[in-house]
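This report refers to the structure that appears directly beneath it.
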Amino acid sequence: MSDSIDTDQDGNSLSFMDVVSVDDTMLEDLSASETQSRLRQLVRTCLTPRETAIIEQRYGLGGKAPRTQREVAAACGISRSYVSRLN
C-alpha cells in the first residue's frame, strides 16, 4: 500500500494510499451523534417543558437552525438574560 506507484507533478513519489486515501471521520461522527442524542435526552428529562423549548431553539436541537439569545428571547417573550442563564 505504501510502495511507490507513480510521481506527482513535482516529482514526489506517490503511493497507492496517497491516491485512494479518504479522510475517515466515521468514529468522530458516531461519537458526535451519540453525544447529541444523550444531550437531547438530558434536556427533555432534566428541564421543564419551557426550558426545553428555549434550549432547543437556542442550539437548534429540534433539527432547526440555532438561534441567537436575542431571537429566542423575543420569540418566547422573555429577557435575554434568562436565556443566558439557561445556557
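So the values come out like this:
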{"read-out": "Segment 47-53 - phi-based ³J(HN,Hα) in whole Hz, Karplus 6.51/-1.76/1.60, Gly and Pro as x", "value": "10, 5, x, 5, 5, 4, 4"}
{"read-out": "Average Cα contact separation per residue, segment 48-87, under 8 Å, 6 or more apart, as relative contact order %", "value": "31 percent"}
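Each value in this text was obtained by applying a stated rule to the coordinates, not by laboratory testing. Note that the structure is a prediction, hence the values are computed from the model and not measured.
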